[in-house]
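Data first, discussion second: the structure below is written as structure tokens.
The values are calculated or read from the model by the stated rules, or taken from the named source; none is laboratory data. Given the structure is predicted, the values throughout are model-derived calculations rather than measurements. Methodologically, a virtual Cβ is constructed for each residue, glycine included, from the backbone with ideal geometry; neighbour enumeration extends over all protein chains shown.
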Amino acid sequence: MDRIRRFLMKRSKEVLIVILIITVFLGYVMKKNSRMETDLDEYMPKDHPAFVYSDYAEKLFHIKDGIMIAIEHNKSIYNPGTLKKLKILTKKLQKMPEIKKEDVTSLYTAENIVGHEGTIDVKDFYRSIPKSEEKLKSLREAVRGNDMVYKRLVSEDEKVTIIIARIDDNKFSQKFYERLLKISHSFEGPEKVYVAGVPIVEGTMAYLGAKDMKKMIPIVILVIILVLYLVLRSVKNLIFNLTIVILSTLWAFGFMALFKVPIYSVSTMIPVMLIAIGVADGIHMYSHLELFLRKNPEATREEALKDLFHSMWKPVVITSVTTAAGFISLLTSQVYPIKFFGLFTSLGVLFAMVFSLTVIPAGIVLFGFPEKKKDGNTKKKKDLLPNTFFYRSADLVMKHKKIIILSVIIITALSIYGTGKVWINSSFLDKFEESSDIVQTDRFINRHFGGTNTLNVIFESKLKGKFKDPHILKVISKIQDQVEAHKMAGNSFAITDYLKRMHRVMHEDRESFNKIPDSRDMIAQYLLLYEMSGDPDNLWKVINYEYNRANLSIQIKSDNSKVLKEVISIIEKNRPEVEKSDVKIHYAGSGYKALVFTDLILEGQIKSIILSLFMIIILLALQFKNIKTGLIGSVPIMITTVISFGVMGLFNIPLSTTTALVSSIALGIGIDYAVHFIERYRIYALDTGDVNRTIRLTMEHSGRAILFNAVVVILGFMVLAFSVFPPNRALGSLVSLNMFTSFAGTVTIMLILLYASGIYFKNEKIK
Amino acid sequence: MKKIKILTIITGAILTAQLSHGESKLTGLDVIKKVYYRPVGKDMKSTLTMKLIGSSGSVRVRKIRQFSRDFGRVEKKIMFFISPADVKNTSFMNWSYDRPSKSDDQWIYLPAIKKVKRISSDSKSDYFMGSDFTYDDLGDRHPNMDTHKIIREETFEGENCYVVESRPKDKDYMYSKTISWVIKGKWIGLQKKFYDEDGNYLKVLKVKSYKKIKGYRIVVHSEMKNVQKNHTTEMILQNVRINSGVSSRKFTERMMRRGL
């Protein structure tokens, strides 16, 4: 280390230039290679069985998310004006380049299976606009008499009709959405037009989230700069400290670009982590330097740097390596963006370490000590917090040990209780304000129709022709009835609906035949008949070619994970009966994938937290050559993690990708605080041999730096609490909360535990 | 009487004029008419194998015994399913009229419910039994419904062909245009390309083989591929008998019920 220090002091200029050159090179690579990955499908582990199956089924049955456009007329949609608008809008949508013609469904495109007086026919509800009262009435009756359309495309009160345009995931863009809105709204008056659906919610979320972040991040950085300046009170220190954060972030993204790793939405958490962690080393080093200079005002640069290196290299390296190890544990995740997040965050942390140990000393060599007010008296008064403040704080903590321990126990217990209430939500809609247009439109359509979200249940058998078997079809029909009884589930649709309709129509439209036929041959012949008279492409959305896979789609009025799980549990109750017929149940569709995906992220996150906790305890124990220290050092991390999850549970903040990742901050920050604090405690303990003095001095040295670090990051991220986008608000609050608990945990309970353990005071028996 | 005579002379003159210029003076409409009216015999018995090939490569095969007879103004056809087993003896009857304005009459008999039902077919653009062929594609479309133009002559698969572009008179028709390769003299459409409403390439029909049976050229193997859906239908005719005497009593509801 000493050699490195001497080298750095001699060659500071060269070191800075080399860093600069590499940075420029990485910047060039970023410019060339960096690209954002916005397709959500790219986030999912392609080889996970649930996704493999869902993708397969989506392709087989042309399952796509639907955009829903509702046209509302205050009296009834059965008037020439509204029907004409429905026709023209349907045709316009079919002509949009992003939408395939056959993916648009409305009353205008729907087919009506009808039969009377010995004929059967599959025909349109209307082609030319019905104008006479009589024709309008007969259209109304045709719709009312057809369960495949009534309440699906026309609302029960007949005031709303809907157009469904199914669209491929990668076709949605903000421009398309704007065009769609413009077209749709041009049909308003006296009708009202509403546009909703999963693609819109997903697309808008990605767009809004990024837009909001673009607006908020500069403010966050500005606040951090401001607070950092107030804390460091030196422009030089501020610049070098910021340089560390910026360079480590740049290098992390530069290396991502170098290895052609795209930027995922979770990657935006990397700077968040690096800001929170990267400023810490600098703050600790400058804080140490300041204290040193205060005690040795006449010291030369050489002396100051020697001391700085001597006392700080170890905690800086330990904290960084341990933090990096904590993030590396995310490699166990099955989700690639999370793996990359872990990998490049730990790289960034290591970069920050290298820069702290090079840029700060080089800066001092080249540009001198931080500027200092010449007048010692005014300086003392202006000092943000006098030393006595920390002494008093230390005394306060030691005086109220019992109260502190008790409150930690109570808070932890409460948090553990709260952790039990934590729920996962893969919902996209829940990320928007209740009053936002997007939520309100969704509500409107869900009020009148089956639901804006779809769950696909795929029944699969090895036996070709299995789904001509009346028994299994009756089971599916029963499942449909059970699911439709759930208040958040609307309609369901499957091969059964075609068969029931055909059976009824072939028997003079008698309601008593609105059921699954009893004979296999009859089913086969109905299907043949449908193929001969209708559009068989519609059939291939519910059954495959070999009749051994059937797709039941269920409309759900919410994309909330709780609701989705409830519906799935209804289906699961029937699993034994279905499997008795040698038929397997699978699920498919974007909603289901999001659910599995969120579960995967969480599972990975919890596994990695536990894993990294063990790693941290071991690493700390190794560093301090004491297992007790390792355990004590991990206390702030554990408390922070538990409280973080507890608060989410108690305040009903659902876990999602972002909120789950925030708990990683607990690791990074917790380690930093604990290591710096314990290291100082050890040094002062060996120096003074007096426990009370050690506590006071440690509080003055590390406690101060920790407080500064916490204040800087908390104030910075509190800015996000004023974001217009709820997930960003949650992010800001949780980062701030974690910073605060890490800080509070370190200077209270960890200090008390250190004291109580009697460590480093071997000769003295304490209590 | 005089009028008729004059008319005959004029017609004769036109005919001679046409003949003297040879076949190269044929219009697009003439070519298509020659295909449409190419004699295929008075009646036919055959076994049709329909192979429906999905985009994933999965194949469904249907075997159908069919009988047809030309009654001049009306062409009647009756079909009985042989396989798959669960639709065996399901029968289908189609009466197709000479007048373009009159739509086909169709019946279906489902043995499982023992009922004959009329299928009212408004549209000849309906697909035939879930295949890639519409009724029109199967040769039902009257030449007068489109305007035809010979766009070039070329050798295609070793045959001298007229390449005819046909555009529908009804602008709402499902195809915006079709292009046919018609063998000169044989009047068989060897290949036909279909373009959808938006002018995009939709389907291609290829005649794989044709046979001369009792002096008539009969297409016995054809394939229609929908390039947009990647779905293919193959139609193979076997045991073809021409003019073997199909009874006019074959085309009744009673025969539909009786099955094969």
Sole exception among (1) in a helix (DSSP H, G or I); (2) at pLDDT 85 or above; (3) not polar (S, T, N, Q) for residue A:165, by number: (1)
Within region A:489-529, the residues that are assigned to a helix (DSSP H, G or I) and more than 14 Å from chain B (Cβ to nearest Cβ) are A:495, A:496, A:497, A:500, A:501, A:511, A:512
Give B:70, B:43, B:98 a once-over and let me know the one that is under 24 Å from residue B:189 (Cα atoms), in contact with a Lys or Arg (Cβ under 6 Å, 6 or more places away or on another chain) and modelled with pLDDT under 90. B:98
Identify all residues within region A:25-58 that are part of a helix (DSSP H, G or I) and exposed (fewer than 12 other Cβ atoms within 10 Å of the Cβ); write none if there are none. A:31, A:32, A:49
Counting only residues that are acidic (Asp, Glu) and surrounded by fewer than 22 Cβ atoms within 10 Å (Cβ to Cβ), give me the helices (runs of 4 or more DSSP H) lying completely in region A:533-615 with at least 2 of them. A:561-572, A:575-580
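Here's the yes/no breakdown for (1) assigned to a helix (DSSP H, G or I); (2) over 19 Å from residue A:331 (Cα atoms):
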{"position": "A:619", "(1), (2)": "yes, no"}
{"position": "A:633", "(1), (2)": "yes, yes"}
{"position": "A:641", "(1), (2)": "yes, yes"}
{"position": "A:648", "(1), (2)": "yes, yes"}
{"position": "A:653", "(1), (2)": "no, yes"}
{"position": "A:659", "(1), (2)": "yes, no"}
{"position": "A:663", "(1), (2)": "yes, no"}
{"position": "A:675", "(1), (2)": "yes, yes"}
The listed residue being under 30 Å from residue A:464 (Cβ atoms), of a type in the set (S, T, N, Q) and within 20 Å of the chain's Cα centre (by Cα), out of B:83, B:96, B:91, B:101: B:91
Report, by residue number, each residue of region A:716-758 that is in a loop (DSSP other than H, G, I, E, B) and either of a type in the set (Asp, Glu) or in contact (Cβ under 8 Å) with a residue 40 or more places away in the chain (or both). A:723, A:724, A:725
Can you pull out every residue in region A:388-428 that is at pLDDT 85 or above and touching a Lys or Arg at 6+ places or on another chain (Cβ under 7 Å)? A:390, A:391, A:394
Check on residue B:136, more than 7 Å from chain A (Cβ to nearest Cβ) and either modelled with pLDDT of 85 or more or closer than 22 Å to residue B:219 by Cβ (or both): yes
Filter region B:90-115 down to residues that are part of a strand (DSSP E or B) and over 30 Å from residue B:145 (Cβ atoms) and give me whichever is farthest from the other protein chains (Cβ to nearest Cβ). B:109
Those residues of region B:204-260 which are more than 14 Å from chain A (Cβ to nearest Cβ) and among the polar types (S, T, N, Q) amount to B:209, B:222, B:238, B:239, B:243, B:244, B:247, B:248, B:252
Extreme residue, surrounded by the most Cβ atoms within 10 Å (Cβ to Cβ), among residues of region A:116-145 that are within 14 Å of chain B (Cβ to nearest Cβ) and not in a strand (DSSP E or B): A:125
Checking B:82, B:151 in turn, the sole residue that is under 25 Å from residue B:208 (Cβ atoms), within 14 Å of another protein chain (Cβ to nearest Cβ) and either in contact (Cβ under 8 Å) with a residue 40 or more places away in the chain or in contact with an Asp or Glu (Cβ under 6 Å, 6 or more places away or on another chain) (or both) turns out to be B:82
Residues satisfying the stated conditions in region B:64-89, i.e. within 19 Å of residue B:41 (Cα to Cα) and assigned to a loop (DSSP other than H, G, I, E, B): B:71, B:72, B:73
I'm trying to understand the selection: among the residues of region B:219-258, which are over 20 Å from residue B:81 (Cβ atoms), in contact with a Phe, Trp or Tyr (Cβ under 9 Å, 6 or more places away or on another chain) and part of a helix (DSSP H, G or I)? B:248
Flagged pairs (Cβ under 9 angstrom, 6 or more apart or on separate chains; first in region B:55-78, free of Cβ contacts under 8 Å to residues at least 40 places away in the same chain; second of a type in the set (Gly, Ala, Ser) and surrounded by fewer than 16 Cβ atoms within 10 Å (Cβ to Cβ)) are B:61/B:83; B:63/B:83; B:64/B:83
Which members of region B:85-102 meet the condition of being of a type outside the set (Ser, Thr, Tyr) and surrounded by 18 or more Cβ atoms within 10 Å (Cβ to Cβ)? B:86, B:87, B:89, B:92, B:93, B:94
Scan of region A:168-201 for residues that are part of a helix (DSSP H, G or I) and either assigned by TED's automatic domain parsing to the domain that holds residue A:240 or crowded, with 20+ Cβ neighbours inside 10 Å (or both), ordered by number: A:180, A:184, A:198, A:199, A:200, A:201
Every listed condition ((1) within 14 Å of chain A (Cβ to nearest Cβ); (2) surrounded by 15 or more Cβ atoms within 10 Å (Cβ to Cβ); (3) over 17 Å from the mean Cα position of the chain (by Cα)) holds for residue B:162 save (1)
Give the residues of region A:235-277 that are outside any helix (DSSP H, G or I), at pLDDT 85 or above and either at negative phi or surrounded by 23 or more Cβ atoms within 10 Å (Cβ to Cβ) (or both), sorted by residue number. A:259, A:261, A:262
What number of residues within region A:120-167 satisfy the criterion of being over 39 Å from the mean Cα position of the chain (by Cα) and either in the same structural domain as residue A:532 (by TED's automatic domain parsing) or within 20 Å of residue A:92 (Cβ to Cβ) (or both)? 6
Return the residues of region A:647-665 that are closer than 28 Å to residue A:321 by Cα and either more than 17 Å from the chain's Cα centre (by Cα) or free of Cβ contacts under 8 Å to residues at least 60 places away in the same chain (or both); say none if nothing qualifies. A:660
